[in-house]
Amino acid sequence: MEDIKKALEGCGALQFGDFTLASGAKSSYYIDIKKASTKPAVLSVIAKTMAKRMEEMGIHPDRVAGVVLGSIPLATALSLETGIPLLMVRKERKDHGTGKLVEGDLSSGDDVLVIEDVITTAGSSMKAIAALRAEGVKVEKVFSVIDREGGGRENLESIGVQLNSLVKGSDLLKGAKQ
């Protein structure tokens, strides 16, 4: 956890001020995970830490899935780190091409681990999980870099999904220079 916190602080991803989150909630801090995930060194720390935690927890999915756009670099890095094939989940259907919500090879019954950047209420995660489950796959776990502790864990539990995060928002604020 400390490596992730240092990496986020070091690249300037942890910011303080007045922010409106995707959920609509107001916050005094923001994690610009896209800033972090565009830095190869930070992305590597996140992927290695996530892979290590998965191994420690005995999590061995058939596929890892990233939700467009924020978690795609994270899921891709984790796929490269572990060798687990990647899926990409769109937020909405395109009206051209195949019109798929889920891109990548999957088979009915596959165990899919959803990768997220930051979880607050888990609204986008729940939509992605619904899209994946509609494809006939099993989704029981979400891994996020940060759990902002905004009800996301409980919302995911209500649909039978366990949230695992590398860092909690409250941990990021401990000793942070605000």
Identify all residues within the range 146-171 that are in contact with a helix residue (DSSP H, G or I) (Cβ under 6 Å, 6 or more places away or on another chain) and farther than 21 Å from D111 by Cβ; write none if there are none.
R148, E149, V167
Criterion first (at pLDDT below 95 and open to solvent by 50 Å² or more (accessible area, probe 1.4 Å)) does K94 satisfy it?
yes
Of all residues in the range 72-88, how many are open to solvent by 50 Å² or more (accessible area, probe 1.4 Å) and in a loop (DSSP other than H, G, I, E, B)?
2
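The values are calculated or read from the model by the stated rules, or taken from the named source; none is laboratory data. Remember, it's a predicted structure, so these values are computed and weren't measured experimentally. Every residue, glycine as well, gets a Cβ built from its backbone with ideal geometry; the counts of neighbours run over all protein chains shown. With ligands, DNA and RNA removed, areas are computed over all heavy atoms of the protein, side chains included. Shrake-Rupley method; radii C 1.70, N 1.55, O 1.52, S 1.80 Å.
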